[in-house]
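Asker: Quick one: the structure is below, questions incoming.
The values are calculated or read from the model by the stated rules, or taken from the named source; none is laboratory data. All values reported here derive from a predicted model rather than from experimental measurement. Reconstructed Cβ throughout: ideal geometry from the backbone, glycine too, with neighbour counts over all protein chains shown. Surface areas here come from the heavy atoms of the whole protein model, side chains and all, with no ligands, DNA or RNA. Shrake-Rupley method; radii C 1.70, N 1.55, O 1.52, S 1.80 Å.
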Amino acid sequence: MFTGIVEELGEIVRSTETGDDSALVAIRGPLVTSDARHGDSIAVNGVCLTVVDVDGGVFTADVMGETLRRTALGALRPGDPVNLERAAALNSRLGGHLVQGHVDGVGEIVAREPAAQWETVRFRLPDGLARYVVEKGSITVDGVSLTVAEVGDDWFSVGLIPTTLKLTVLGTKRIGDPVNLEVDVLAKYVERLLGDRSAGGAR
């Protein structure tokens, strides 16, 4: 479990195909690897990956083909920056919201509007996700916990403060770039519970 508060901007070092529709990805992140061990979880642009090895501030993780196809990780190349966050500890502050590191879909930046102290960014939503996104609700974009400013049928917008623009990949992403999206898991549980109740009532 994560909080959506990025700890460090890391960098893709290399990605090696390992056959059987998978890859071994090496990522530089001195802070998140300072106490990392084999089997630990680190979110990379919002995708929960399991540490295989750590060597000199670089950790490696196996990435399955399913993950490469259903997230934006497959588009990353050596040298690309990535948002990194270690799994939350039970005694840590919940600065963002509950984030699983399970990407629900890949969105796309469709507009950026700079202002004096912040920037408004609009994202296109994949089919089926709009019903989970509400104004003033939480959403995770490339691992960053954000508050939804506006939402439409197939889009939503957020306001990015200078700190977010400076310390995460969202500051350098351009129009047309893909982003990993994870909606608030509470919305999905509520939908499932209400659906089960409706089905039970029908019987």
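Asker: Testing Thr120 on (1) modelled with pLDDT of 95 or more; (2) closer than 30 Å to Val63 by Cα; (3) among the β-branched types (Val, Ile, Thr), one condition comes back false. Which one is that?
Answerer: Failed condition: (2).
Asker: Could you give me the residue pairs with C-beta distances under 7 Å whose first residue belongs to the range 59-76 and is in a helix (DSSP H, G or I), whose second residue is of a type in the set (S, T, N, Q) wherever it lies, and which are 6+ apart or on separate chains?
Answerer: Pairs that qualify, where the first residue is in a helix (DSSP H, G or I) and the partner is of a type in the set (S, T, N, Q), are Gly65/Ser22; Ala72/Asn45; Ala72/Asn180; Leu73/Asn45; Leu73/Thr67.
Asker: OK, next. Say we look at the range 50-66 and pick out the residues that are open to solvent by 10 Å² or more (accessible area, probe 1.4 Å) and in contact with a Gly (Cβ under 8 Å, 6 or more places away or on another chain); which of these is nearest to Gly4 (Cα to Cα)?
Answerer: That would be Thr50.
Asker: Could you tell me whether the range 185-195 includes any residue that is surrounded by 15 or more Cβ atoms within 10 Å (Cβ to Cβ), of a type outside the set (S, T, N, Q) and in a strand (DSSP E or B)?
Answerer: no
Asker: Give me the pairs, please: first residue somewhere in the range 107-124 and free of Cβ contacts under 8 Å to residues at least 24 places away in the same chain, second residue anywhere and open to solvent by less than 70 Å² (accessible area, probe 1.4 Å) and of a type in the set (Asp, Glu), beta-carbon distance under 9 Å, and either six or more positions apart or on two chains.
Answerer: Pairs found: Glu113/Glu119.
Asker: Can you name the condition, by its number, that Gly39 falls short on among (1) of a type outside the set (Val, Ile, Thr); (2) in contact with a Leu (Cβ under 8 Å, 6 or more places away or on another chain); (3) open to solvent by less than 60 Å² (accessible area, probe 1.4 Å)?
Answerer: Of everything listed in (1) of a type outside the set (Val, Ile, Thr); (2) in contact with a Leu (Cβ under 8 Å, 6 or more places away or on another chain); (3) open to solvent by less than 60 Å² (accessible area, probe 1.4 Å), Gly39 misses just condition (2).
Asker: Separate question: Under the condition of being part of a loop (DSSP other than H, G, I, E, B) and of a type outside the set (Gly, Ala, Ser), which residue from the range 92-107 is most open to solvent (accessible area, probe 1.4 Å)?
Answerer: So the residue we want is Arg93.
Asker: A follow-up question, please. Have a look at Ala75, Ala115, Ala89 and point out the one that is within 18 Å of the chain's Cα centre (by Cα), at pLDDT below 95 and surrounded by fewer than 13 Cβ atoms within 10 Å (Cβ to Cβ).
Answerer: On inspection, the qualifying residue turns out to be Ala75.
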